[in-house]
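Notes follow once the structure below has been shown.
No lab work stands behind these numbers, since they all come straight from the coordinates. Small disclaimer: the values here were computed from a predicted structure and weren't measured. Every residue, glycine as well, gets a Cβ built from its backbone with ideal geometry; the counts of neighbours run over all protein chains shown.
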Amino acid sequence: MSEKKNLPEPARHGINFAFREKLDAMAEGFRHNYCYQCGACVADCPAGLYSKTFNPRLIMLKAILGFEDELIGPDTEIWNCTNCYTCSERCPQDVRPVDVIIAMKNLCVKEGKAPDLVTTVSDTVFEAGITTKVTSLAERRRQELGLGPIKQYPVEDLKKITRRD
Amino acid sequence: MKYTPFFGCMLTVKYPWFEAAVRKTLGKVGLDLVDVDGFTCCPDPIYFQARDKMEWYTVAARNLSLAEDVGHDVITTCSGCTATLSEVNLALKEDEALKKEINERLKPIGRQFKGTINVRHAVTVLRDDYGLDHVAKTVTRPLEGLKVAVHYGCHLLKPSRVMRVDDPDRPTILDDLVRIAGAEPIRHDLTLLCCGRACMNDAIPNQMVTEILEAIKAKQADCMGLICPTCFDEFDLGQIVLGRKLKKTFDIPVVYYFQLLGVAQGFSPEEVGLNMHKVKVDHLFTPAPVR
């Protein structure tokens, strides 16, 4: 292990090009291949400004080199992306880093390595049709404001067009 | 002109007074809102999209296809719904293969995405279809002297490739809309910062919200003005929660733009739900008692 310390970063970790294929198979995941590591995405990234560890350029580099363990898991850096799309505005290569990060999140879910919150929120949509619980208080407020009642959400339709495991 | 409103989960259930404010103000401007039955969650651009992007496209395409049947453009009033419906609408219009695959998934319920309508945030419709001058004419009680710290949030503007609303680095649309309500838009160093809600590590949004609120305080704005219910959550209730944690009081009222416009159009603060906020705000809009 000790002599490995002197090696450059990729060699220490071992490059894993198989990860690239996995990511390419997810919607928008192939875009990480366009990244030439210019770093234009970094300076205005709010998650980067407010944390010591979040860095969209490094996330793209780790994807290219296949540092899978640092990306795919319930508490990796990718879950701190604010989804603000500022990086997508700055990127000269149309990598759309947020979309690549979302592809990695999809991969986490596929491999059963996503944080619980992801399934909690989407399960609510499958069960109720929306993300927010309809309460009698909400109904009363709507009435007071002169708004119509909340209609039944077509949950059966959602079941027919999505896979529920 | 006729439009199909898409209020989404937050406005329908959590903040119905925002829906009331939107319906009242847009009605005064002259929009004819034609409601469509059968919409579900847009679905949520953060967690639902993180779960499975293809299913995110599918559920959004189902919503869009319902609106296509009626034929009017969809207007959104939540930045999350704007993000999802705008992006899916454009992605399926641009990518024939993707559209084919999603339509295959919609077959069991007999629906098809055709790509015949547009998705637009309500503020864009005010500016582009009616014009700021026309909207200004609906203002009967200008909010003179009210200083509003504008907060754009992310998904009205970005990704600009999809949204096509304003320059994401130098936007003016909210400032202009605050101005026509008779109030004064206030800018600070962090006006364009995100609310951080999507981050898993709370420390990041906590710091962002703290710094934004402090920047607003330093500029002596009377309130914060925004157009996204998630940002509202983060700054209204979030401000109280954060204040308890940090043992400090920010006391910055937060207002959804259509509430502001509503009061300027002569509606009472209660009619647009200004009495419902966690951080007290209605005092800003109630005439001072005569001494």
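Structure data summary
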| quantity | calculated |
| --- | --- |
| Proximal lysine pairs, segment B:2-122, alpha carbons under 29 Å, eight or more residues apart or interchain | 20 |
| Chain B: angle of helix B:79-94 to the longest principal axis, Cα-based, in degrees nearest 10 | 30 degrees |
| Cα shape, segment A:8-110, gyration tensor, a/c 1.5 rule | rounded |
| Residue-wise HN-Hα coupling along segment A:138-152, computed from phi with Karplus coefficients 6.51, -1.76, 1.60 (Hz; x: Gly, Pro) | 4, 4, 5, 4, 4, 4, 4, 8, x, 9, x, x, 6, 7, 4 |
| Size of electric dipole in segment B:141-279: Cβ of Lys, Arg +1 and of Asp, Glu -1, about Cα centre, debye, nearest 20 | 280 debye |
| Among B:TYR47, B:TYR152, B:TYR257: highest mean-square fluctuation, GNM of chain B, C-alpha pairs under 10 Å | B:TYR47 |
| Partner lysines for B:LYS217 [C-alpha distance under 25 Å; skip if fewer than 8 residues away on the same chain] | B:LYS147, B:LYS245, B:LYS247, B:LYS248, B:LYS278, B:LYS280 |
| Computed over segment A:116-161: relative contact order in percent, which uses C-alpha pairs under 8 Å that are six or more apart | 38 percent |
| Using alpha-carbon coordinates, inclination of helix B:16-29 to the longest axis of chain B, degrees | 90 degrees |
| Once exposed loop trypsin sites (Lys or Arg not before Pro) are cut out (DSSP; at most 12 other Cβ, 10 Å), longest piece of chain A | A:53-132 |
| Relative contact order (%) - chain A, alpha-carbon pairs under 8 angstrom, separation at least six | 21 percent |
| Charge dipole (chain A, unit charges on Cβ, about Cα centre) - positive-most of A:MET104, A:ALA18, A:ILE64 | A:MET104 |
| Unit charges on C-beta of K, R, D, E only; dipole of segment A:8-110, Debye | 60 debye |
| Among B:THR124, B:THR249, B:THR140, residue whose mean-square fluctuation peaks in a GNM of chain B (springs only between Cα atoms under 10 Å) | B:THR249 |
| Principal-axis tilt of helix A:56-65 within chain A, Cα atoms, nearest 10 degrees | 60 degrees |
| Chain A: Cys lacking any partner C-beta under 4.7 angstrom | A:CYS35, A:CYS38, A:CYS45, A:CYS81, A:CYS91, A:CYS108 |
| Length added when fully stretched, B:ASP169-B:GLN207, from 0.36 nm per residue minus Cα-Cα | 11.5 nm |
| Lys, Arg +1 and Asp, Glu -1 on Cβ, resulting dipole of segment B:36-85 about Cα centre, debye, nearest 20 | 200 debye |
| Calculated FRET value between A:LYS133 and A:GLN37, using beta carbons and R₀ = 56 Å, to 0.05 | 0.80 |
| Sequence of B:ASP166, A:ASP123, B:ASP37, B:ASP44 once ranked by neighbouring C-beta atoms within 10 Å, starting from the fewest | B:ASP37, A:ASP123, B:ASP166, B:ASP44 |
| Taking chain B and dividing mean pair separation by its residue count, relative contact order in percent (alpha carbons under 8 Å, at least six apart) | 19 percent |
